[in-house]
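Remarks on the structure that follows.
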Amino acid sequence: MTRNRILTGHRPTGPRHLGHLVGTLENWVRLQDTHECFFLVADLHVLTTNHTHPERLQDHILNLMADWLAVGVDPSRATIVLQSIIPEHAQLSLLLSMLTSVARLERIPAYKEQIKELSLQPSLGLLTYPVLQAADILLYKAMEVPVGEDQLPHIELARETARRFNQTFGETFPEPEALLSHAPRLPGIDNRTMHTSYGNAIFLRDSEEQTARKVIGMYTDPTRIHTTDPGHVEGNPVFVYHEIFNPSADEVDEFKERYRQGSIGDVEVKQRLVEVLNGYLRPYRERRRKFIANPHALLEVLFSGTVKAKFIAQQTLEGVYEKMGLLHSQTFSEKVLANNIAGIF
Ligand code: TRP
């Protein structure tokens, strides 16, 4: 049975949190059973918004790897790729940028949001972020791309680019489909979406004590002043978490009922949530500790995946060079060997 190839990735921006776990990583782990998986460490993409802390990047990459492997990304079944080690990503991005208008890129929602937040002029690299992402996908001729909703405009651009390339130069790339994750967006401890840069995340690498402190300080129902006040369960992150992570649906129902009646305090519901979350995270954390203690092994996993990916990337790029009328290195050396240099120039 041939399995559809998927490619997806994360930018190594910091440790993974619960939102990554329930939103994406658990889905990736399942996809390993049904798809040929490529998981990309998109370190070049990090530089589009943050290139001023080079010393942190290596550390983020190792931590990302440790988190991925801890939750069950399995290098014996999936290919883990470090983007910057394979120059074909940058090369294909350059070639695809010839097929993409500046105006089209300026309309991408993530770009428009980013430039509102930046104090600087946006870089050319930020504008072409989605072109590099299209190159990531098309380089491996991936059929499906598991992503969250925020990435859909980027996948749409990759599809358009594949279509345009095929129309101009002949059938080359499959049009990749987004595989939309239907996992609920996890709220952070302040009830905004969980996000590394908001300071509201519970991380895989947090200790049990750190987790407890975060949960005890979590946002609940702001209208409830006394334990005996009837409380609101809907939109209350403490209950959102219980629903997702508490293995006992009966207990959750009972908590809800008593919370609504005003016969259980926030502290009790939160203390139980601490146990539930730490129980859920414990096996991941144990595995993570082992992986992070052995950075050599992590690098080895990264390099062996990257070697395999490099082979595919090179073949794709050679095909693209040829179709676009360029000489790739193999043809070039064949011509040189055949003493046919005059014919080239
Ligand atoms: N832009 C993606 C994100 O921020 C990361 C990414 C880079 C990616 N290249 C990709 C995702 C290719 C899917 C496919 O989450």
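The values are calculated or read from the model by the stated rules, or taken from the named source; none is laboratory data. This one's a predicted model, so the numbers in the text were calculated from it and none came from an experiment. A quick note on method: Cβ atoms are made from the backbone with ideal geometry, for glycine too, and the neighbour counts reach across all protein chains shown. Protein only, heavy atoms only, side chains kept; ligands, DNA and RNA dropped before computing areas. Shrake-Rupley method; radii C 1.70, N 1.55, O 1.52, S 1.80 Å.
Summary of computed values
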quantity: Filtered trypsin sites (Lys or Arg not before Pro), segment 16-114: DSSP coil and at most 14 other beta carbons within 10 Å; calculated: Arg77, Arg107
quantity: Globularity index of segment 238-345, i.e. its alpha-carbon radius of gyration over 2.2 N^0.38 Å; calculated: 2.27
quantity: Given charges at beta-carbon only (K, R positive; D, E negative), |dipole| of segment 214-296 in Debye; calculated: 740
quantity: Extent along principal axes [Cα atoms of the chain; Å; largest to smallest]; calculated: 90, 43, 43
quantity: Loop-located GluC sites (Glu not before Pro) in segment 129-179 whose Cβ has at most 16 other Cβ within 10 Å (DSSP); calculated: Glu171
quantity: Antiparallel %, DSSP beta bridges [both residues in the chain], to 5; calculated: 10
quantity: Sites Glu208 and Gln315 - FRET efficiency at Förster radius 45 Å, r taken between beta-carbons, to 0.05; calculated: 0.40
quantity: Mean-position separation - Cα centroids, segment 59-130 and segment 253-319, in angstrom; calculated: 22
quantity: Segment Arg163-Ala338, extension gain: residue separation times 0.36 nm, minus the distance between their alpha carbons; calculated: 59.4 nm
quantity: Student exercise, segment 111-188 dipole from Lys, Arg, Asp, Glu Cβ charges, in Debye to nearest 20; calculated: 160
quantity: Label-point gap, in nm, between His182 and Glu55 - each point 7 angstrom along Cα→Cβ; calculated: 4.7
quantity: Cα pair distances exceeding 26 angstrom across segment 149-281, given as percent; calculated: 40
quantity: For segment 233-331, with +1 on Lys and Arg beta carbons and -1 on Asp and Glu, the positive-most of Leu277, Ile312, Tyr259 along the dipole; calculated: Ile312
quantity: For the chain, calculated [θ]222 nm from helices alone, where every DSSP H run of n ≥ 4 adds -39500 (n - 2.57); calculated: -16500 deg cm²/dmol
quantity: Contour excess over end-to-end distance, with Cα ends at Glu322 and Ser101 and 0.36 nm allotted per residue; calculated: 77.3 nm
quantity: Sparsely packed trypsin sites (Lys or Arg not before Pro) within segment 123-222, loop by DSSP, other Cβ within 10 Å at most 10; calculated: none
quantity: Alpha carbon centroid spacing (whole Å) that separates segment 6-53 from segment 230-245; calculated: 28
quantity: Accessible-area composition of segment 1-137, carbon plus sulfur, in percent [1.4 Å probe]; calculated: 54
quantity: Cβ-placed point charges (K, R +1; D, E -1), dipole of the chain about Cα centre in debye, nearest 20; calculated: 640
quantity: Å² per residue, accessible surface of segment 52-96 at 1.4 Å; calculated: 38
quantity: Note, ³J(HN,Hα) from phi for segment 277-284, Karplus 6.51, -1.76, 1.60, rounded to Hz, x at Gly and Pro; calculated: 5, 5, x, 5, 7, 3, x, 5
quantity: Share of Cα-Cα pairs in segment 1-106 lying beyond 19 Å, as whole percent; calculated: 51
quantity: Hull shadow area, averaged, segment 259-318 [alpha-carbon convex hull, nm²]; calculated: 7.9
